[in-house]
2 protein chains.
Amino acid sequence: MTGIYGVLLDLSGVLYVGSEPVEGAAEALARLRTSGLPLRFITNTTRSTREAIGNKLRGFGFEIADDEIFTAPAAVRAYLAERDLRPQLLIHPGLAPEFAAVDQRDANAVVLGDAGETFDYAHLNRAFRLLMEGAPLIAMGDNRYFAEEEGLSLDIGPFVRALEYAADTNAIVLGKPATGFFHSAVEALGCKPHEAVMVGDDAISDVEGALRAGLQGILVKTGKYREGDETRIDESGARLAQNIYEAVELILGTRD
Amino acid sequence: MTGIYGVLLDLSGVLYVGSEPVEGAAEALARLRTSGLPLRFITNTTRSTREAIGNKLRGFGFEIADDEIFTAPAAVRAYLAERDLRPQLLIHPGLAPEFAAVDQRDANAVVLGDAGETFDYAHLNRAFRLLMEGAPLIAMGDNRYFAEEEGLSLDIGPFVRALEYAADTNAIVLGKPATGFFHSAVEALGCKPHEAVMVGDDAISDVEGALRAGLQGILVKTGKYREGDETRIDESGARLAQNIYEAVELILGTRD
C-alpha cells in the first residue's frame, strides 16, 4: 500500500454485524479520528434514510455525523437535480422521506432502490412502460441478494436486470461498485483516488469496485466475508485484514 | 422453399388477432386439412390451459383438436416427468389446472410461466431460495413483453433474467424460440426438421427460432408484425407472406 490521505468505510459487516458492533471497531475508528485522516462512510443500503442510518450508528457508540455518510440515494438525488429529471420511484417505504422534496410529477426517469415487497407486478409494469417511452433507468446498486433472518432475499440487482431486458436498455448504477459513485465519495475526501482506500467486507462490490475506480482496497474478514472471497477479485492490489482494527493499522502504517 | 411434410402454426396473430379471426384463416386451414399435411399449433401462451385455448379456437370456427395444440406447459410437464422433478410453480392461476396432477411436495425444481400479478416479491424470493439450493430453473418462454388493452406488460422473460442473475444460473427455456421445443413439435409431425415449416407473426420467437432449429419459416404480416421486422432475423431463408392464406399457398406450392 502507498500513502493514504482519505478513508472510505463500508458500514454493515465492517463496523457492525446484525445488531452488534464489531469488536475493536469503536477503538479503530477513534484511532482514525486522531490521525486526522478525512473519513466517509459509504453504503448501498436503500431501505432507510441517511438520518436513520446515522442514528443506528450512534446507537452502537460510533461518533459519526450524518453528513459523513455517503449513500446511493443521495447520489441519485444529485444526479436527478443536475439533469432536471423527475423520478418515478420504485423504492422502499423507509427511504421515501429522502425524496419528499423531489418533484415527481410527470416523471421522465425511473429510479430503482431495494424496494422489497414493493417489487410487485403493477409497480414493475409501471416502471417498464415509462422506460419504453425512453426514460432512463437509474439504480441505487446492483447487488444480487442479502441475508435476512429467515434466509437470503432478492436485492435490487435482479430487478435491474429484469427491467433492462424488458425495455432493452442499460441502467445507470449509482451505488457501489460503480466507479462514479466511488469517485464522488473520494471528491468529498479531498484527495486523489489512488490516495484513498476503501475498507469493506464485500469482495466485489466494495473492494474490486474500489480497485477498478483507482482506489486502494482492504477486504476485512468480518460480516459477509467467506473463506476465499479474495480469489474472486479480478483486480490486483487488494489487501486482507482480519477486521477493521487491523485495517486501520495497515492504513496508519502507510503514514509513518 | 423445399418440400414440406409438416406444418407448425402460431395461434395469436396468425389465426386470430384479439377477439377476431384473421380474414381467410378458416379457409386457409381447410386447404391445409384437405392436403393431408400433418399440423400442430404451437404457442407460448401460459395463462390458460390447453383445453381453454382449444375452446377459444373452436369458438372462432376453427376445427382444431386439443391434442394438436403444442404448448410450453405441456413440454414442461413432460420434462418434469422424465426427470422425476417436483416443481415449485410460479404460474398464472389460469394455468394451475394443467399441473393439478403433478406432485409438488418437497419441490426440487422451479417452474416459471407468465404469472402476471403472481410475480410478487414473496413468490420470487421463494423461487430464488430454492434455486440457491441447486434446483433447476425451467421457463415456459423468454418473451420480453406483450400488448394488453391498457398498454405493454411484462412477459415471462424479465423474471427469468431476474432469477438467473440472482442465483447465478441459466434457465432451461421450453417455449419458443428454444430449439428443443421446436424439435419436440416436429417429432409429433412425424417428419424431419428441414421438412417442416413454422408460420408465425413474431420474427424472433417464431421465425428466427424455427430457422435456428433447422426448420423452414414464414413470417406473416398480421398480428404483432411491424414493417421491417424481417430485417431483425439473424438467420437466412425466412419467407414473407401477407397472411396465413398466402402462407398456405407458399406451402402447398412446394408439393406440386
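Would the range B:77-90 turn up any residue that is in contact (Cβ under 8 Å) with a residue 24 or more places away in the chain, over 24 Å from residue B:177 (Cβ atoms) and not basic (Lys, Arg)?
Yes, because at least one residue in the range B:77-90 is in contact (Cβ under 8 Å) with a residue 24 or more places away in the chain, over 24 Å from residue B:177 (Cβ atoms) and not basic (Lys, Arg).
Mind listing just one residue for me: the one in the range B:68-81 that is buried (at least 19 other Cβ atoms within 10 Å of the Cβ) and not aliphatic (A, V, I, L, M) and, of those, nearest to residue A:120 (Cα to Cα)?
B:73
Here is a list of conditions, (1) in contact with a His (Cβ under 9 Å, 6 or more places away or on another chain); (2) closer than 30 Å to residue B:122 by Cβ, and residue B:205 meets all of them except one; can you say which number that is?
Here residue B:205 meets the rest and fails (1).
Could you list all residues from the range A:230-243 that are under 20 Å from residue A:25 (Cβ atoms) and either at pLDDT below 95 or surrounded by 15 or more Cβ atoms within 10 Å (Cβ to Cβ) (or both)?
Within the range A:230-243, the subset under 20 Å from residue A:25 (Cβ atoms) is A:239-243.
If the condition is that a residue be under 20 Å from residue A:25 (Cβ atoms) and either at pLDDT below 95 or surrounded by 15 or more Cβ atoms within 10 Å (Cβ to Cβ) (or both), then A:239, A:240, A:241, A:243 are the ones that fit.
Looking at the range A:244-254, which of its residues are surrounded by fewer than 18 Cβ atoms within 10 Å (Cβ to Cβ) and assigned to a helix (DSSP H, G or I)?
The initial filter retains those residues of the range A:244-254 that are surrounded by fewer than 18 Cβ atoms within 10 Å (Cβ to Cβ), namely A:246, A:249-250, A:252-254.
Listed by number, the residues that qualify are A:246, A:249, A:250, A:252, A:253.
Among the residues of the range A:1-14 satisfying the criterion of being within 14 Å of the chain's Cα centre (by Cα) and in a loop (DSSP other than H, G, I, E, B), which is surrounded by the most Cβ atoms within 10 Å (Cβ to Cβ)?
Filtering the range A:1-14 for residues within 14 Å of the chain's Cα centre (by Cα) gives A:8-14.
Pick out the ones that are also in a loop (DSSP other than H, G, I, E, B) and you get A:10-11, A:13-14.
On the way: A:10: 24, A:11: 22, A:13: 20, A:14: 26.
Only one residue tops the list, namely A:14.
Inside the range B:134-186, can you point out the residues that are open to solvent by less than 50 Å² (accessible area, probe 1.4 Å), within 14 Å of chain A (Cβ to nearest Cβ) and in a helix (DSSP H, G or I)?
Within the range B:134-186, B:157, B:158, B:159, B:160, B:162, B:163, B:164, B:165, B:166, B:167 qualify.
Which one of B:100, B:78 is at pLDDT below 95 and away from every other protein chain (no Cβ under 14 Å)?
Selected residue: B:78, the only one of B:100, B:78 that is at pLDDT below 95 and away from every other protein chain (no Cβ under 14 Å).
When residues of the range A:104-118 are filtered for being among the acidic types (Asp, Glu) and either crowded, with 19+ Cβ neighbours inside 10 Å or within 10 Å of chain B (Cβ to nearest Cβ) (or both), how many remain? Step through it out loud before you land on a result.
Here is the first cut: in the range A:104-118, the residues among the acidic types (Asp, Glu) are A:106, A:114, A:117.
Now restrict to residues that are either crowded, with 19+ Cβ neighbours inside 10 Å or within 10 Å of chain B (Cβ to nearest Cβ) (or both): A:114, A:117.
Matching residues across the range A:104-118 total 2.
So which residues in the range B:19-49 are under 15 Å from residue B:185 (Cα atoms) and either more than 15 Å from the chain's Cα centre (by Cα) or assigned to a helix (DSSP H, G or I) (or both), if there are any at all? Spell out how you get there, then give the answer.
Taking the range B:19-49 and keeping what is under 15 Å from residue B:185 (Cα atoms), we get B:37-44.
The answer is B:37, B:38.
Name, by its number, the condition in (1) touching a residue at least 60 places away in the same chain (Cβ under 8 Å); (2) within 14 Å of chain B (Cβ to nearest Cβ) that does not hold for residue A:125.
(1)
Among (1) at negative phi; (2) more than 11 Å from every other protein chain (Cβ to nearest Cβ); (3) open to solvent by 50 Å² or more (accessible area, probe 1.4 Å), which single condition is residue A:84 missing?
Going through the list (1) at negative phi; (2) more than 11 Å from every other protein chain (Cβ to nearest Cβ); (3) open to solvent by 50 Å² or more (accessible area, probe 1.4 Å), residue A:84 breaks only (1).
Looking at (1) surrounded by 18 or more Cβ atoms within 10 Å (Cβ to Cβ); (2) among the charged types (D, E, K, R); (3) part of a loop (DSSP other than H, G, I, E, B), can you tell me which one residue A:98 breaks?
The single condition residue A:98 does not satisfy is (3).
Report whether or not residue A:121 is within 30 Å of residue A:168 (Cβ to Cβ) and either surrounded by fewer than 16 Cβ atoms within 10 Å (Cβ to Cβ) or modelled with pLDDT under 95 (or both). If you could, list the steps in order and put the result at the bottom.
Values: within 30 Å of residue A:168 (Cβ to Cβ): yes; either surrounded by fewer than 16 Cβ atoms within 10 Å (Cβ to Cβ) or modelled with pLDDT under 95 (or both): no.
It is false that residue A:121 is within 30 Å of residue A:168 (Cβ to Cβ) and either surrounded by fewer than 16 Cβ atoms within 10 Å (Cβ to Cβ) or modelled with pLDDT under 95 (or both).
Would you mind stating whether residue A:197 is more than 14 Å from chain B (Cβ to nearest Cβ), touching a helix residue (DSSP H, G or I) at 6+ places or on another chain (Cβ under 9 Å) and either crowded, with 24+ Cβ neighbours inside 10 Å or assigned to a helix (DSSP H, G or I) (or both)?
Here the answer is yes, as residue A:197 does meet what is asked.
I'd like the full set of residues that are among the aliphatic types (A, V, I, L, M) and out of contact with any Phe, Trp or Tyr (no Cβ under 7 Å at 6 or more places or on another chain), limited to the range B:73-90.
Initially, the range B:73-90 is screened for residues among the aliphatic types (A, V, I, L, M), giving B:74-76, B:78, B:80-81, B:85, B:89-90.
Selection gives B:74, B:76, B:78, B:80, B:81, B:85, B:90.
Within the range A:1-34, can you find the residues that are at pLDDT below 95 and among the polar types (S, T, N, Q)?
Residues satisfying the conditions are A:2, A:12, A:19.
Might you let me know whether the range A:55-62 holds any residue that is open to solvent by 50 Å² or more (accessible area, probe 1.4 Å), part of a loop (DSSP other than H, G, I, E, B), within 20 Å of residue A:189 (Cβ to Cβ) and modelled with pLDDT under 95?
Our first condition is that a residue be open to solvent by 50 Å² or more (accessible area, probe 1.4 Å); within the range A:55-62, this holds for A:55-56, A:58-59, A:61.
Those left that are additionally part of a loop (DSSP other than H, G, I, E, B): A:61.
Those still in the list that are within 20 Å of residue A:189 (Cβ to Cβ) too: none.
No - not one qualifying residue is present in the range A:55-62.
Only one residue in B:57, B:29 is more than 29 Å from residue B:139 (Cβ to Cβ) and either touching a Phe, Trp or Tyr at 6+ places or on another chain (Cβ under 6 Å) or in contact (Cβ under 8 Å) with a residue 40 or more places away in the chain (or both), so which one is that?
Going through B:57, B:29 in turn, the sole match is B:29.
The values are calculated or read from the model by the stated rules, or taken from the named source; none is laboratory data. On a predicted model such as this, the values are computed, not experimentally measured, just so you know. Cβ coordinates were reconstructed from backbone atoms using ideal geometry, including for glycine residues, and neighbour counts include every protein chain displayed. Calculation scope for accessible area: heavy atoms of the full protein, side chains included, ligands and nucleic acids excluded. Shrake-Rupley method; radii C 1.70, N 1.55, O 1.52, S 1.80 Å.
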